[in-house]
Amino acid sequence: RRLPLRPGPVLVSGATGRQGRAVVRHLLADGWIVRALTRNPTGKPAVALAQLGAEVYRGDFAEPLSLDYAMAGVYGAFCLQPSAVVGSSREADWGMAFADAADRARVTHFIYASIGGVERNTRLAQFRAKVQIEEYIHRLDLPTTVLRTAFLMDSLMLPGSAGATVWGAMAGALGRALPMQMIAADDVGIFTALALAEPERYLGYAVEIAGDEVTLDRAKEIYRAVTGRRRFFVPLPFTVLRWFRADLARLFEWIRTDGFQADLESLRQLHPGLKDLEAGLRDILERRIAEG
């Protein structure tokens, strides 16, 4: 198909992570020149992005000059910090450093990947850094779209103990009947492409995004239908979860009492192909098989 002419490159931070890879894929498919920011440009994930057609740039949130070099001349920028620092003071520092670089470069469209509910609970540890970053972006007066994501479906496909912990936390917090909103990382990429392609609709707005709302029992049924296997896990009460994953315990406590509140019907009008949990898990599995 003939792709429209795009006004300039888009710099994607967190490019080798789940959301970042999805953003790179969909921007390339939509005709954008994409710069993928990574601390290790010779690593396997970065090489895979280069093979897709991305321009790989070495960059570090703690090195402003590297951000300025990668940001020079771009039209847009996608801001996401590594999952390893989520909720930490470094997340806020790094997000603000990336925003500063975008401000110095006079970026036309800045997209910040936040989390659903930050505007409703500024005290939760996982939200604190994101609130600081959102407020800082606002003070800079950057032309911004904020995408506030629900729980990532991809987390339900994590292997081994990591996946079992997520399922156990979900069971301990929600029981069998309380639903939770989720989104596929792939759809974060699609919403980013939509926002950049339609700035008149998205620029200046914060949008909470999710693709489905399911109970634990329904999630188990879908997982088995997609993978052909049962998902084995032990429900983790908060008293147990707090002992070794306090961050996850706090997040699921909030999900149980407040939770994500995306308007799924309105989102499907913006993105008719928005994935429900079954479509999301199938896409994740197929992509995992294809990537080896």
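Listed conditions (1) free of Cβ contacts under 8 Å to residues at least 40 places away in the same chain; (2) buried (at least 16 other Cβ atoms within 10 Å of the Cβ); (3) not in a helix (DSSP H, G or I) are all met by ALA262, apart from (1). Tell me which of these PRO7 doesn't satisfy, since it passes every other one: (1) assigned to a helix (DSSP H, G or I); (2) open to solvent by 30 Å² or more (accessible area, probe 1.4 Å). With (1) assigned to a helix (DSSP H, G or I); (2) open to solvent by 30 Å² or more (accessible area, probe 1.4 Å) applied to PRO7, the lone miss is (1).
Just one of the listed residues (GLU221, GLU213, GLU208, GLU200) is within 15 Å of the chain's Cα centre (by Cα) and among the charged types (D, E, K, R), and it is GLU208. When ASP187 is evaluated against the numbered criteria (1) in a strand (DSSP E or B); (2) within 22 Å of VAL34 (Cβ to Cβ), which criterion, by number, is the only one it fails? Of the numbered conditions (1) in a strand (DSSP E or B); (2) within 22 Å of VAL34 (Cβ to Cβ), the odd one out for ASP187 is (1). The criterion of being touching a residue at least 12 places away in the same chain (Cβ under 8 Å) and touching a His at 6+ places or on another chain (Cβ under 8 Å) does not hold for ASP154. Out of the residues in segment 2-47 meeting the condition of being at pLDDT below 95 and aliphatic (A, V, I, L, M), tell me which one is nearest to LEU158 (Cα to Cα). Here the answer is LEU3. When VAL56 is tested against (1) over 19 Å from LEU196 (Cα atoms); (2) aliphatic (A, V, I, L, M); (3) exposed (fewer than 15 other Cβ atoms within 10 Å of the Cβ), just one condition goes unmet, and that condition is (3). For THR257, the conditions (1) more than 18 Å from SER161 (Cα to Cα); (2) touching a residue at least 40 places away in the same chain (Cβ under 8 Å) all hold with the exception of (2).
Looking only at residues of segment 57-69 that are of a type outside the set (Ser, Thr, Tyr) and in contact (Cβ under 8 Å) with a residue 24 or more places away in the chain, we find that the one that is farthest from VAL107 (Cα to Cα) is ALA62. Whether any residue in segment 170-182 is open to solvent by 30 Å² or more (accessible area, probe 1.4 Å), part of a strand (DSSP E or B) and at pLDDT 95 or above is what I want to check. No.
Of the numbered criteria (1) assigned to a helix (DSSP H, G or I); (2) closer than 22 Å to GLU134 by Cα, the one SER66 fails is (2).
If you go through segment 272-280 one residue at a time, do you hit one that is assigned to a loop (DSSP other than H, G, I, E, B), at pLDDT below 95 and exposed (fewer than 14 other Cβ atoms within 10 Å of the Cβ)?
Scanning segment 272-280, I find no residue that is assigned to a loop (DSSP other than H, G, I, E, B), at pLDDT below 95 and exposed (fewer than 14 other Cβ atoms within 10 Å of the Cβ), so the answer is no.
For segment 103-110, the condition holds for at least one residue, the condition being that it is open to solvent by 40 Å² or more (accessible area, probe 1.4 Å), touching a residue at least 24 places away in the same chain (Cβ under 8 Å), assigned to a helix (DSSP H, G or I) and not aromatic (Phe, Trp, Tyr). Within segment 118-163, the set of residues being of a type in the set (Ser, Thr, Tyr), surrounded by 14 or more Cβ atoms within 10 Å (Cβ to Cβ) and within 30 Å of ILE289 (Cβ to Cβ) comprises THR149, SER155.
Of everything in segment 69-100 that's modelled with pLDDT of 95 or more and in a loop (DSSP other than H, G, I, E, B), which residue is surrounded by the fewest Cβ atoms within 10 Å (Cβ to Cβ)? Here the residue is GLY73. Residues in segment 138-153 that are closer than 19 Å to HIS271 by Cα, not in a strand (DSSP E or B) and not small (Gly, Ala, Ser): MET153 alone.
Considering only residues that are part of a loop (DSSP other than H, G, I, E, B) and of a type in the set (Asp, Glu), which ones fall in segment 43-62? Result: ASP60, single match.
Scanning segment 203-212 for any residue that is of a type in the set (Ser, Thr, Tyr) and at pLDDT 95 or above turns up at least one such residue. Applying a threshold of 7 Å to beta carbon distances and a minimum spacing of six or more residues, or different chains, the list of pairs starting in segment 272-289 at a residue that is closer than 13 Å to MET157 by Cα and ending at one that is modelled with pLDDT of 95 or more and not aliphatic (A, V, I, L, M) reads LEU277/ASP212; GLY280/GLY211; LEU281/TYR223; ASP283/ASP186; ASP283/LYS275; ILE284/ASP154; LEU285/THR227.
The values are calculated or read from the model by the stated rules, or taken from the named source; none is laboratory data. On a predicted model such as this, the values are computed, not experimentally measured, just so you know. FYI the Cβ positions are ideal-geometry reconstructions off the backbone, even for glycines, and counts take in every protein chain you see. For the accessible areas, the whole protein counts, side chains as well, though only heavy atoms, and no ligand, DNA or RNA atoms are used. Shrake-Rupley method; radii C 1.70, N 1.55, O 1.52, S 1.80 Å.
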